[in-house]
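Below you'll find the structure, written out as structure tokens, and then a few comments.
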Amino acid sequence: MVKVTFSKPFDLTQEEHALYEEVGVVFSDHTKDGSLPKRNEFAGDDWYQHCCKLSGYVAVSANVETYEAIERISLLPTKNIQKLIELCAYSPLYEGIKDAQAMHLLRKMAENSTDNFPLPYAKRPFTWAVNTHIPDEIEELNKKLQKQGIDQVRVGMEIEFSLPEEPLQWIKKAEEVKAEILGEISDQIKQSPHNERTVLLEKKKELVEQFNAREILMFDMIERDEKTKDILEPLFGTGRDGNGYYDAEGTLELKIKHCDSRDIIQNRRTVLRTLFRKASELGLLLDTAPTQHVNISFWKDEQNLFDEAHPEFLITGKKIMEGITKAFYETCPVLITDLELNEPLPPLSCSANREEYLRSSTGRLEVRPSQYGTHQDPDFITMVAMAGGLYGLESMNNDAQQRAIITTKGNFSHTEGLFKVTSHVLSNSTVTDKGLIIPPSAYIEQKAQSIAFELGLTTISPSSLEQCLGGKSLFADPLNNFFKQVKIRNTPSGLSVQWPETKREQYAFTTPEINMHLLPADLQERVRGGKELPEQLPEGLSIKLWGKDLPKAAQTYTINTATLSKNIQLHSFSKRLIIPNGYNMNTTQGGASIEQSRLQRMAESSVLKKCLRDETFQEIQKSLYENFNFSPRSYIREKLKTLWQQRL
């Protein structure tokens, strides 16, 4: 057991000794100079600067600087530090111990884990035992796909994560790195002849001067670090338009360049390890596992089969997409969270919706596992997608239940920093033969508050507490109706968007009343007059309103369509394959629960059994058996066979 020793500030009872020794804190009888320490009442900041208080009754050492004490405590195991925090929860030293915990996490972030898992303190996916098989399996799948005429499988990844804006106050490394970056840009400006590039460099320097610590980390990884700068997509700035560091407010995004499927595992681990190391050096706590989206494409004759320009887009591309969708239907536990395993889920389809597990995008298929408490293992997901593609090519030639269809979409862009979500709605809509669009209704419902905020219909931020606590936004249905009336025009002068209008350059709609019938007449009049409900409501009325949306009067809102015309542009059309009618995720077998049925489907997956090597497939079955106390039939047969052979 790891232990740290401090001089004893004053006499401790045996019980106090036992409490601290249990978490690895041991007290000696003398200070550093050999004298007996004196009891000292806590005297504010001066005392805090010279000792690390472990509880309301005990000071760790009168002769140990706070930072040194934090260093010592951070050497303890995670569970011991957590117990120490509980022990000191009401002491003046609570924040000091939290600092020690932070340092402990930073230290762990910087370490390489022993089993190649790149997230040192996150829960391993249940498929992690299969991990050692995956590189060889991907190599074998490439060979099998080459026999089917596939030149290459390319894989890219988007890694999203959150970091605080500023580091722990006692770590100044970010300031040093920022100074180095500014110095390098200044040198580039001096060496550059005065031209357009010089102007861009000066602007770049001006922006970097405003960067916070997490933005400095992003710059360092993307443009400076020798391990990552060549495998990450170039991004710069604080924008959220796909070219900056942010995917959403407070959410950073690193994009791994599309590469050969044989290289993606190493590239992903390199990026993650570098991220954790740099975050720890800069004092930025990344204490939740990043989410990772996998983008995959299949190439034949040096052309992308998911690109409509490929002559086999509608034949080979369709088979591959159908095979991948079937593969993930059978292995759905790798896409969902622990809590979702026994929950009803919508059909597994492959649509344009950004919120689906499988998303058909231009030139690629994107796998987007659940984000919280997930089983996701991007390496395993890559292997499953490749196996699904192979299965589609080999086994879906004459499938009577072919599901993929072709749709048309518009390709839109938006002014940086404006109308990002609104533009996403349009880009992920289907364009009909008559030029109308079929918008992604589920996405609009989920993002209604964000869209309303972009359109100036509300001042409530989509990330605010009010939105987090609310149910379906009152803007969801009106916005869905608005987008359904958008028309796409293809005229000799070019492509354009015709926005619906109730009068020139404006679209007005009225939201319905909500729960107004629950109010007495005087309060109805008050609310319709634009006033808030009084803070103190009659007791009977409070009971009536409990658990319901607060009453709201009907209200008219106006969208400025002229602003949309200036900031959202349609550039082109493209075709893509989608699978709108997917697989039923809630089917059960023989009275088994939804969870057992899903695990059984994975344990007996026709795709994995046909396309993977026997040893890999058996390791998958074993992982299911060991992690879920679940006994897939085929695994039991293999186990009994082995035991019988041993007996013979």
One finds the C-alpha centres of region 332-389 and region 601-619 to be spaced, in Å, by 18
Highest mean packing first, using Cβ neighbours within 10 angstrom, the peptides 490-497, 163-170 sort as 163-170, 490-497
Diffing region 197-203: the Karplus 3J(HN,Hα) column from phi (6.51, -1.76, 1.60, θ = phi - 60°), in whole Hz with x for Gly and Pro, holds 5, 4, 4, 5, 5, 5, 5
A correct Karplus calculation of ³J(HN,Hα) over region 557-570, with 6.51 cos²θ - 1.76 cosθ + 1.60, θ = phi - 60°, whole Hz and x for Gly and Pro, returns 10, 10, 9, 7, 6, 5, 5, 4, 4, 6, 10, 10, 10, 9
Checking rank on 448-458, 620-630, 581-591, with mean other Cβ inside 10 Å and highest first, the result is 448-458, 620-630, 581-591
By the mean-Cβ-within-10 Å protection proxy, highest first, 332-345, 602-615 rank as 602-615, 332-345
To the nearest 0.05, the calculated FRET efficiency linking Glu111 and Gln169 through their beta-carbon distance, R0 being 25 Å, is 0.60
Carbon plus sulfur, as percent of the 1.4 Å-probe accessible area of region 272-426, comes to 48
For region 521-622, inverting the pair-averaged 1/r of distinct alpha-carbon atoms gives a Kirkwood value in Å of 21.6
Stretched fully, the stretch from Asp549 through Asp260 gains (0.36 nm per residue minus C-alpha distance, one decimal, in nm) 98.9 nm
Expressed in nanometres to one decimal, the distance between label points 7 Å along Cα→Cβ at Gln14 and Leu541 is 6.5
From the Cα centre of region 200-220 to that of region 126-186, the distance in Å is 22
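Summing +1 for each Lys or Arg and -1 for each Asp or Glu, what net charge is found among the other residues whose Cβ lies under 11 Å from the Cβ of Ser496?
That sum, taken over residues with Cβ under 11 Å, equals +2.
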With 0.36 nm assigned to each residue of separation and the Cα-Cα distance removed, Leu182 to Thr563 gains 133.4 nm
Counting only protein heavy atoms with a 1.4 Å probe and every protein chain in place, the carbon and sulfur fraction of the accessible surface of region 491-639 in whole percent equals 46
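How many Å² of accessible area per residue for region 306-399, probe 1.4 Å? Each step should come with its number before you reach the end.
On the way: 2890 Å² over 94 residues.
Averaged over the residues of region 306-399, the accessible area is 31 Å².
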One quarter of the C-alpha convex hull surface, i.e. the mean projected area of region 173-249 in nm², amounts to 5.6
Share of accessible surface on carbon and sulfur in region 221-269, whole %, 1.4 Å probe and ligands ignored, is 40
Phi angles of region 245-259, converted by Karplus (6.51 cos²θ - 1.76 cosθ + 1.60, θ = phi - 60°) into ³J(HN,Hα) in whole Hz with x for Gly and Pro, give 7, 10, 8, 8, 4, x, 10, 8, 9, 10, 10, 7, 4, 4, 9
Expressed per residue, the solvent accessible area of region 438-571 in Å² (1.4 Å probe) is about 62
With the 1.4 Å probe rolled over protein heavy atoms, region 163-248 has an accessible area per residue in Å² of 56
Sorted largest first, the Cα spans of region 230-347 on the principal axes come out in Å as 51, 41, 28
With R₀ set to 45 angstrom, the calculated FRET efficiency between the beta-carbons of Lys227 and Thr78, to the nearest 0.05, is 0.95
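The values are calculated or read from the model by the stated rules, or taken from the named source; none is laboratory data. Everything numeric here is computed off the predicted structure, so don't read it as measured data. Counting neighbours? That spans all protein chains shown, and the Cβs are built from the backbone with ideal geometry, glycine included. Surface areas here come from the heavy atoms of the whole protein model, side chains and all, with no ligands, DNA or RNA. Shrake-Rupley method; radii C 1.70, N 1.55, O 1.52, S 1.80 Å.
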